[in-house]
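Contents: one structure, followed by commentary.
Bear in mind that the values in this text are calculations on the coordinates, not laboratory data. None of the values given here were measured: they were computed from a predicted structure. Counting neighbours? That spans all protein chains shown, and the Cβs are built from the backbone with ideal geometry, glycine included.
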Amino acid sequence: MKKSSFVTLVMGTVSGVLFALGMCMALLPEWDAFTEGIIFGAVGIVLSIITALIWCKMENKKLPKMSGKNLFRTIYAVIAALVLGVGMCMCLVWQQIIWGTLVGLLGIIMLIALIPMIKGIK
């Protein structure tokens with residue numbers, strides 16, 4: 001494993017965990033930690049941006065250009081992740097196991113569809 005891949009793996013994992021923990025803190029009323037959750041989530045987002053910048057620097061690559069195609073892919077990825085999250089909430093918070101599983105499966109399929117959307121089919 002290359003050094004840049006390892007650094008990206010560690011930093012990406014830490015930023016993802018901070019973001020997820022922050023969202024749980026902010027959105028679960030039982031935890032009563034809304035403000036702290038927003039702070040943790042924001043730190044996770046900032047750390048993920050820093051991770052992308054460090055990876056580009058270590059790999060000697062330029063940042064991707066913001067074209068219409070990349071903007072569409074980004075919006076699609078956010079929607080797919082939200083669909084997966086709604087499915088998880090339906091299962092875990094609202095106790096709607098069957099519908100939550102179906103919605104979560106739709107979100108997973110949408111996320112898997114990103115691979116051919118970005119890499120293409122050869």
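Remarks
- Between the listed residues Phe19, Met117, Gly41, the Cα displaced farthest toward the positive end of the dipole of the chain, a dipole computed from Cβ unit charges relative to the Cα centre, is found at Met117.
- A simple spin-label model places pseudo-atoms 7 Å from Cα toward Cβ; at Gln95 and Ile45 they are separated by 3.4 nm.
- Residue-count net charge about Lys57 - beta-carbon cut-off 15 Å; Lys, Arg +1, Asp, Glu -1: +3
- Largest to smallest principal axis extent of the C-alpha atoms in the stretch 1-63, angstrom: 44, 22, 11
- C-alpha long axis of helix 97-112 to longest principal axis of the chain, angle in °: 10
- Across Lys65/Lys119; Lys62/Lys119; Lys61/Lys122; Lys69/Lys119; Lys2/Lys65, pairs whose alpha-carbon gap is larger than 20 Å: Lys61/Lys122; Lys2/Lys65
- The stretch 65-122: C-alpha gyration tensor shape, a/c 1.5 cut-off, then a/b vs b/c: oblate
- For the stretch 25-111, relative contact order (Cα pairs under 8 Å, six or more residues apart, normalised by length) works out to 18 percent.
- Convex hull projection area averaged over all views, the chain, Cα basis, nm²: 9.6
- Environment charge at Ala26 (Cβ cut-off 15 Å; Lys +1, Arg +1, Asp -1, Glu -1): -3
- Angle between the chain longest axis and helix 34-58 axis [Cα atoms, degrees, rounded to 10]: 20
- Projected label distance in nm at Leu106 and Ala20, using a 7 Å step from Cα toward the beta-carbon: 2.3
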